[in-house]
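The values are calculated or read from the model by the stated rules, or taken from the named source; none is laboratory data. Worth saying up front: this structure is predicted, and the values here are computed from it rather than measured. Heads up, the Cβs are rebuilt from the backbone with ideal geometry, glycines too, and the neighbour counts pull from every protein chain shown. Accessible surface areas use protein heavy atoms only, side chains included; no ligands, DNA or RNA. Shrake-Rupley method; radii C 1.70, N 1.55, O 1.52, S 1.80 Å.
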Amino acid sequence: MALLRPLERQHRAARILLVPLGLFGAALLYGDGTITPAISVLSAIEGLGRVHGALEVWIVPLTILILASLFFFQRHGTQRIGSVFGPVMCVWFLVLAVLGVRGILLQPAVLAAVNPLHALTFFQANGMTGYLVLGTIFLVVTGGEALYADMGHFGLGPIRLSWFGVVLPALLLNYFGQGALILTKPAEAAHPFFDLAPAEMRLALVVLATLATIIASQAVITGTFSLTAQAVRLGMLPGMKVVHTSATERGQIYIPLANWLLMAATIGLVLGFGSSDRLGAAYGLSVSTDMAITTLLAAVVAWRHWQRPWLAIIGVLTIWIVDWAFLGANLFKFFDGGWYPLLVGVLVFTVMTTWRRGRRLVLGSLDKMRLGIPEFLASAERERAHTIPGTGVFLARYSEGVPAILRHHLARNRVLNEQVVLLTLRTDNRPRVPARERVAVQRLADGLFRVVMHYGYMQTPNIPVTLRGCERLGLVIDLKETTYYLGIETVIPRDDAHGMAYWRERLFALITRNAQRAAIYYGLPTEQVVELGIQIEI
């Protein structure tokens, strides 16, 4: 055991570093969720300026109109959006490839750019100026994260197939084409993408680009919904209303609060920055920081779980060197807009860590009020509790003892249902838990049962539905005669050295007052819910 203690300390130190780093990376994704729709749609609509100069005054109003419509449409679900706009993506990438080939034919020598020696020569000749150019060309390698943001909805296979089979080849051809156009006509370097198309086709290209960016923005928005739902499952955010928009796909969800906050922030970015070039600084720093953090976390996963960790680490560290090269170049854009994603990341990180720490303090206080099963039975006998028909379900964090809410209920009301269920919900470290493994039942005494429900981090708990599955395990519950008892904690901040900083305690109390009620989050029938208030000092 003594030999294992240094290793345990190393793992503890790694968690102390990696957990906040992972949380900050997740927080930065909310910045991406606002910047990506703004810069994508805005850059597409800016093509109107290449159609006719007089149309430039309509760029920002049209962008806001399109973004507002996109967010208003979210309540209908991604399935409808995919069925309406999905085929457009095939046309989009085909057009990208065709335009790229058209540009390459102007200057076939551009294909020599596949030789990495040209990059080394460029950096050698331009020094620091050449390095800073990485902050500009970094936008060329962004966008792939929007595709992978939807991995939770569609799985790894379809994402890989679409990337390597369609997206990557089309993008490479188009970028080669833009490079060839710039070599041929340096004066058109400002908008090489739209200038690849003939003048009479540019308006149609603007329309197609707008539709494509709407779909790309949709991927990031739904990815943000998925991230938010998983953060709630893992206790990093308070409960929020989650609407399932598909009867067949569990991963297709809609979170109203996240949707409207994203819409307000996205439209604010368009009004504040006004152009895609100015937004590029914020976008570049946000994505490059996320990439560096994600690569580091991937290295940890590879080290712990892969059969050949050294080989994986070498590959990951090679990628990390590239990530840091891009991140260093983008850091020079901090005052040009790069501050925005970092500010959002800090704010979301503060909310996450405050909620996580605050809930631990609250649950610690509630744990002190718990009773063992023998003590509870003796207390019920001593209090001569009255028995009423039906089943009473009490939520319990731990699968041992009696929760504080039941002790509080017995002490104040001196009444119990003829059948009492202590219900504990567990979020497993896997996306989904099969129905046959979801529930376990234990009989503690006459009329007293413990039920443990297991859910994956991508599943939304629905207590009444799962309780129906207890009958096969010997617990028969009439859902119409069931009462759900929930504890409502009123947090009282204390200005002392215990718990958290006083301002964080006040922030936690504010979040708690505005969090979604557990009855709604767990799908409980509101007419069968009894809420019992408990004041807790932290």
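Within segment 378-415, the set of residues being of a type outside the set (D, E), part of a helix (DSSP H, G or I) and farther than 24 Å from M453 by Cα comprises A378, S379, A380, R382, L410, A411, R412, N413.
Is it fair to say E418 is among the acidic types (D, E), without any contact (Cβ under 8 Å) to a residue 24 or more places away in the chain and outside any loop (DSSP other than H, G, I, E, B)? Here the answer is no, as E418 does not meet what is asked.
In segment 190-201, the qualifying residues are those that are under 36 Å from the mean Cα position of the chain (by Cα) and not hydrophobic (A, V, I, L, M, F, W, C), and the one that is surrounded by the most Cβ atoms within 10 Å (Cβ to Cβ) is P192. The residues in segment 475-502 that are open to solvent by less than 60 Å² (accessible area, probe 1.4 Å) and more than 30 Å from T350 (Cα to Cα) can be counted, and the count is 7.
Confirm whether A187 is aliphatic (A, V, I, L, M), at pLDDT below 85, in contact with a Lys or Arg (Cβ under 9 Å, 6 or more places away or on another chain) and open to solvent by 30 Å² or more (accessible area, probe 1.4 Å). Judged against the criteria, A187 is not a match.
Considering segment 326-338, the residues that are open to solvent by 30 Å² or more (accessible area, probe 1.4 Å) and part of a helix (DSSP H, G or I) include one that is nearest to Y131 (Cα to Cα), namely F326.
Results for (1) touching a helix residue (DSSP H, G or I) at 6+ places or on another chain (Cβ under 6 Å); (2) surrounded by 15 or more Cβ atoms within 10 Å (Cβ to Cβ); (3) closer than 25 Å to I477 by Cα; (4) modelled with pLDDT of 85 or more, shown as yes or no for each residue.
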{"residue": "L347", "(1), (2), (3), (4)": "no, no, no, yes"}
{"residue": "V351", "(1), (2), (3), (4)": "no, yes, no, yes"}
{"residue": "T354", "(1), (2), (3), (4)": "yes, yes, no, yes"}
{"residue": "G358", "(1), (2), (3), (4)": "yes, yes, no, yes"}
{"residue": "Y398", "(1), (2), (3), (4)": "no, no, yes, no"}
{"residue": "I405", "(1), (2), (3), (4)": "no, yes, yes, no"}
{"residue": "N417", "(1), (2), (3), (4)": "no, yes, yes, yes"}
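When the residues of segment 51-85 are narrowed to those that are under 30 Å from F176 (Cα atoms) and open to solvent by less than 30 Å² (accessible area, probe 1.4 Å), which ends up modelled with the lowest pLDDT? Of everything passing the filter in segment 51-85, I59 is modelled with the lowest pLDDT. When each of P341, P434 is tested for being surrounded by fewer than 19 Cβ atoms within 10 Å (Cβ to Cβ) and at negative phi, the lone residue that passes is P434. All conditions in (1) in contact with a His (Cβ under 7 Å, 6 or more places away or on another chain); (2) modelled with pLDDT under 75 hold for H498, with the sole exception of (1).
If you go through segment 21-44 one residue at a time, do you hit one that is farther than 26 Å from Q218 by Cα and at pLDDT below 90? Yes, segment 21-44 has at least one match. For segment 524-535, the criterion of being in contact with a Gly (Cβ under 9 Å, 6 or more places away or on another chain), under 25 Å from T228 (Cβ atoms) and among the hydrophobic types (A, V, I, L, M, F, W, C) is satisfied by no residue at all. Look at (1) on the phi < 0 side of the Ramachandran plot; (2) surrounded by fewer than 19 Cβ atoms within 10 Å (Cβ to Cβ) and you find that G284 fails only one, number (2).
Residues that are of a type outside the set (K, R) and over 25 Å from G268 (Cβ atoms) are absent from segment 339-348.
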